[in-house]
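The structure appears below as structure tokens.
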């Protein structure tokens, strides 16, 4: 190494002192200037990683700081293995490598979204104790009662009949989970059905009014039981948390994870997961209909009527929590 | 110290040497490596980004620098994300407790803001002299919670005043070596900054949304499925984008008001003023054109836009200097490290809010 020119800031005052720097003895860095000569063992020096075209920066023992403008020469002379100080710079400065790892990252990101997060959430959902599941379901219902639902106006007879229909469905597609059927006035959510943790299934009066016969209602109930069987409500919560947590780590900003920038990818991811769950629940409805020799039109007819009620697909595909009905029917009839 | 105080003050401008092309590679590597490591690299990414921006900022030939250790940042982030997940889990498991959780969050946030500022100032230097931040926590609650409530009560009318109080708290507790920053009295310029932002919002958002709706009306004529999707996405994207521009503009306008009211002084000397001559029209022009460049390039021109904005703002910012800068002494340095030992590295939480 020839002599390189640099500056030393001692950390005590803002003064700048010109020095010359060289690696005269192997393993040692010599800094000469302002009437003094110092020799530092390289192991004791804290060399900042190389960054763009910036000067090399070395933290000297005792709080001083050395800047060497000719970073190329300095880093080359410093290390026989440049990996320690230059691996980030190596990636940043090689176009081909940067493109390659970008492609890798795209594939990896998709894999995490499509497989990784759902798998983690599924495992976590299975690990949630039954009492907690119960609590989440009961609290969720209380919250919905407070914010959305009104009391049902169905007669006791009508309720008994629907409960009987539910038992038939459970006998075919249900598991050992205890189910709890709830009737509510849907108000602003209109004709709809919901599945909460703890096996709570809610049907709205408006939905009951919209169905033309029991088999249609049973198809819907089978769909909701499909959500319960697959623990979708809990998995939705968990996947949402994992997405938020990951975005928080990635943006490096816990506050930003609740902010607008992170809300967009988080919303898209959640909607994507939700659509996936609808397809899974539809498959259970189909299984029920096939097992009981009921025509598949029991499900497709009520779905079409719900669609007509909802006023069509106002929200485009990526933002929907439910798949576009056309896609859903296609998948269902396959 | 008397040398600093003596002599006629002269204005020295900052300079910025960062280039869009060079920063693009650092920015791209940061994003890609962050994805590949599920976020772990974000701590290294932050150090890299800050070192690039600070290191390219110079005053009188001396560079600024950012010294934080990625591992310390990573550790702080792990704690922060753990807290966040705990909060989300509690919210999901006990939805009826949400208001209580929100109150707990509000009590933690001022503490986090102070810690974050402490951490970042401690690891920022110019000419190897460190910056520092050492406020009283009680004051942080007064500033963030009391004035936050005042803003809510006055339906936002007191927002500029609350913003002024926050910045005053931050500036007055910041030092550089043995010099202290101070923000002069008077929140009038903050009211102006908010007024200018409201005006800019009407000037950008109005035309942007009008132009969009005209465009969409034309699309209605040919209503295939794709266009219906576009009709929903486009206003959404433009709405979000205008929100970002307005938020950026507000922070630039209030930063301008802050810099113009700030000064730097040793205990026994006359203060040196800070100032800037950014034009708000120019800032708005830069942000709007940056936005369109970013949208049309699918984000690839974001780093170019950032460097462009930084160059304009930094190179139009100045500080008055009397005598020789080398007279600035890092007199407080011992206290800073003592503080660090007392609190321990574990609390070096870095959370940008």
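Might you check whether a residue that is on the phi > 0 side of the Ramachandran plot and in a loop (DSSP other than H, G, I, E, B) occurs anywhere in the range A:71-92? I'd like the intermediate steps shown before the answer.
We begin by selecting, within the range A:71-92, every residue on the phi > 0 side of the Ramachandran plot; these are none.
Taking every residue of the range A:71-92 in turn, none turns out to be on the phi > 0 side of the Ramachandran plot and in a loop (DSSP other than H, G, I, E, B).
Just one of the numbered conditions (1) more than 30 Å from residue A:245 (Cβ to Cβ); (2) modelled with pLDDT of 90 or more is not true of residue A:110: (1). Considering only residues in the range A:2-36 that are assigned to a loop (DSSP other than H, G, I, E, B) and under 17 Å from residue A:75 (Cβ atoms), the one that is farthest from the other protein chains (Cβ to nearest Cβ) turns out to be A:26.
With respect to the conditions (1) within 8 Å of chain A (Cβ to nearest Cβ); (2) surrounded by 21 or more Cβ atoms within 10 Å (Cβ to Cβ), residue B:83 lacks only one, and its number is (2).
Anything in the range B:37-55 that is at the interface with chain A (Cβ under 7 Å from one of its Cβ atoms) and not in a helix (DSSP H, G or I)? List them, or say none. Result: B:38, B:39. Here residue A:137 clears all of (1) touching a strand residue (DSSP E or B) at 6+ places or on another chain (Cβ under 9 Å); (2) closer than 25 Å to residue A:241 by Cβ; (3) not in a helix (DSSP H, G or I) except the condition numbered (3). All told, residue B:291 falls short of being within 14 Å of another protein chain (Cβ to nearest Cβ), at positive phi and modelled with pLDDT under 90. Listed by position, the strands (runs of 3 or more DSSP E) enclosed by the range A:170-289 that each have at least 2 residues that are touching a residue at least 24 places away in the same chain (Cβ under 8 Å), in contact with a strand residue (DSSP E or B) (Cβ under 9 Å, 6 or more places away or on another chain) and surrounded by fewer than 20 Cβ atoms within 10 Å (Cβ to Cβ) are A:180-185.
Go through the range B:118-157 and count every residue that is more than 30 Å from residue A:55 (Cα to Cα) and in a helix (DSSP H, G or I).
First pass over the range B:118-157, keeping only residues more than 30 Å from residue A:55 (Cα to Cα): B:134-157.
Next, from what is left, pick out any that are in a helix (DSSP H, G or I): B:137-153.
Qualifying residue count for the region: 17.
Report whether or not residue A:48 is modelled with pLDDT under 85, in contact with a strand residue (DSSP E or B) (Cβ under 9 Å, 6 or more places away or on another chain) and either crowded, with 21+ Cβ neighbours inside 10 Å or farther than 14 Å from residue A:8 by Cα (or both). No: the conditions fail for residue A:48. The residue of the range A:315-330 that is modelled with the lowest pLDDT, among those that are over 25 Å from the mean Cα position of the chain (by Cα) and surrounded by fewer than 17 Cβ atoms within 10 Å (Cβ to Cβ), is A:326.
Can you tell me which of B:306, B:313 is farther than 24 Å from residue B:166 by Cα and crowded, with 17+ Cβ neighbours inside 10 Å? Steps first, answer last, please.
Details: B:313 fails: farther than 24 Å from residue B:166 by Cα.
Just one listed residue meets the conditions, B:306.
Of all residues in the range B:75-91, those that are free of Cβ contacts under 8 Å to residues at least 40 places away in the same chain have Cβ atoms under 9 Å from Cβ atoms of residues that are crowded, with 16+ Cβ neighbours inside 10 Å and not in a helix (DSSP H, G or I), 6 or more apart or on another chain, in B:81/B:39; B:84/A:258.
The values are calculated or read from the model by the stated rules, or taken from the named source; none is laboratory data. This structure is a prediction, so every number in the text was calculated from the model and none was measured. Glycine gets a Cβ as well: all are built from the backbone with ideal geometry, and neighbour counts include every protein chain shown.
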